[in-house]
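Engineer: For reference, the structure I am asking about is given below.
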Amino acid sequence: MARLTRAETQERNRAKVLVAARQEFAERGFRDAKVDVIAERAELTRGAVYSNFPGKRALYFAVLADLAARAEPAPHSRPGTDARSAIGAFARDWMVRDAGLGRDLPSEVMAEERVRLPYAQLLELGALLLALAMERLDPPESLPDAPPARYVRRAGSVLTTLHGARQLTVAAPGFVEPFDVVSTCEQLAALPLNDWWAPPQVSPQPRPAGEPWSPGEAVDLVRGETVRLPADGVVAVLGLHRLAAAEEAVRAGADVTVVAVTGEPAELGPLARLVITEVAAGLRQAFPESRWPALRVVFDSRAELAAAAGVPAVSDATEVAVRVAGGRIVARADGFGGCHAVAADWLAPAAPARHDRSS
């Protein structure tokens, strides 16, 4: 038998740790789970566990993200034909998932601000994804001379209801009636909330560029599959504190790829995958494929895509947007409003590219 490469061994050990940790968390809960016991279950050393995960919380987030990616759809699930029926299907799929293993997630999120703020921004991005699917299925009507209408607040209300119901299912067994939760979400899908999109009041001027763009493939969390990033469109490199800026690019009408980055990929990366995967998996079951959000979301754990976009260093506060045309970066903007600036410029004729000598 051929010997495994170092990368293959690491991947095998990581998978063994996830299985062992899932068993330990299921039996003991997060607080009482022991890393030493997880190592024993995986037939590895404690050091091997920590070589894959920096701590127990990072491991917990990774287990939940792995479960979200593997979750089976609700029995007899069918895509909705309008926003209300699609949200009903989304809520039913959500309510049949086992909430037991995630019962400690809220307390671990609340434990530190460095986790709370990214979590809030991830929920904002999840609400945007759900809203975009609703809008494609049942477009909102905008009044004359009024800002464009949207469904983000409705989507946020649905996710608020579902997250709350999940926690009460664990905290107060028997109190939550799933049918009532689904019906409530269906009502929320049609609730008028006077919601519209207001662009940022200040944004930087995009700077012309002429750089190669060759990012290769990445996993799109929205579709749950590996995709090749397009040669034309807008790429928004966003730290986990700036994810809400994704809407600034989307509302300008651009073809958008969000590249999510963080200064703590080992712990916050699994949390990002968990939150987005949960929403995306549900909407893929509840909405026809033709109505899935056009927005792509990838998590860039090694900042390789960021580097390809000309961002040499990343943090949770990163906000850089580049416009790509014909496989080259032709414009960029960074800082608050950068996504809107580049995306609004996306519909304008491309500026002549300044070819660098190294390409």
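Each value in this text was obtained by applying a stated rule to the coordinates, not by laboratory testing. Small disclaimer: the values here were computed from a predicted structure and weren't measured. Cβ sites come from the backbone with ideal geometry, for glycine too, and all protein chains shown count toward neighbours.
Engineer: Given the Cα-Cα distance of R3 and V202 and 0.36 nm per residue of separation, how much length would full extension add, in nm?
Structural biologist: 65.9 nm
Engineer: Quick one: order H163, H340, H241, H76 by neighbouring beta-carbon count within 10 Å, fewest to most.
Structural biologist: By the 10 Å Cβ count, ascending, the order reads H76, H163, H241, H340.
Engineer: Can you give the net charge of the other residues whose Cβ lies under 15 Å from the Cβ of D255, counting K and R as +1 and D and E as -1?
Structural biologist: That works out to +1.
Engineer: Quote to one decimal, in nm, the extra length available between F336 and D32 on full extension: 0.36 nm per residue of separation minus the C-alpha distance between them.
Structural biologist: 105.2 nm
Engineer: Follow-up question, since we're still on this one. With a cut-off of 19 Å, note down the residues of region 172-196 whose backbone N falls inside the zone around a label point 7 Å from the Cα of H163 toward its beta carbon.
Structural biologist: 172, 181-182, 184-186, 188-189, by backbone N distance to the label point.
Engineer: Could you order peptides 291-302, 79-90 by the average number of other Cβ atoms within 10 Å of their residues, highest first?
Structural biologist: Sorting 291-302, 79-90 by mean packing, highest first, produces 79-90, 291-302.
Engineer: Additional query: Looking only at GluC sites (Glu not before Pro) in DSSP loops with at most 14 other Cβ atoms within 10 Å, what is the longest site-free stretch of the chain?
Structural biologist: 142-359
Engineer: Another question, then. If you average the sequence gap of Cα pairs under 8 Å that are 6 or more apart and divide by the length of region 83-189, what percent do you get for the contact order?
Structural biologist: Relative contact order comes out at 42 percent.
Engineer: Still on this model: If each residue of separation counts as 0.36 nm, what is the full-extension length gain between S51 and R302 once their alpha-carbon separation is subtracted?
Structural biologist: 88.8 nm
Engineer: What FRET efficiency comes out for the pair V170/A120, r = Cβ-Cβ distance, R0 = 30 Å, nearest 0.05?
Structural biologist: So the FRET efficiency works out to roughly 0.90.
Engineer: Using r as the Cβ-Cβ distance of E225 and A294, and R0 as 25 Å, what FRET efficiency do you calculate, to the nearest 0.05?
Structural biologist: Between E225 and A294 the formula returns 0.95.
Engineer: Modelled label-to-label distance, A69 and Q23, 7 Å Cα→beta-carbon offset: nm?
Structural biologist: 2.1 nm
Engineer: R41 label point, 7 Å along Cα→Cβ, cut-off 14 Å on backbone N: hits in region 2-17?
Structural biologist: Residues 15-17 fall inside that zone.
Engineer: Can you compute the helix-only [θ] at 222 nm over the chain? Use -39500 (n - 2.57) per DSSP H run of at least 4 residues, normalise by all residues, nearest 500 deg cm²/dmol.
Structural biologist: That comes out to -15500 deg cm²/dmol.
Engineer: Hey, got the dipole for region 83-189? About the Cα centre, +1 on K and R Cβ, -1 on D and E Cβ, debye to the nearest 20?
Structural biologist: In debye, rounded to 20, region 83-189 gives about 60.
Engineer: Binning every alpha carbon pair distance of the chain at 10 Å from zero, what are the percents per bin?
Structural biologist: 5, 23, 31, 25, 13, 3, 0, 0
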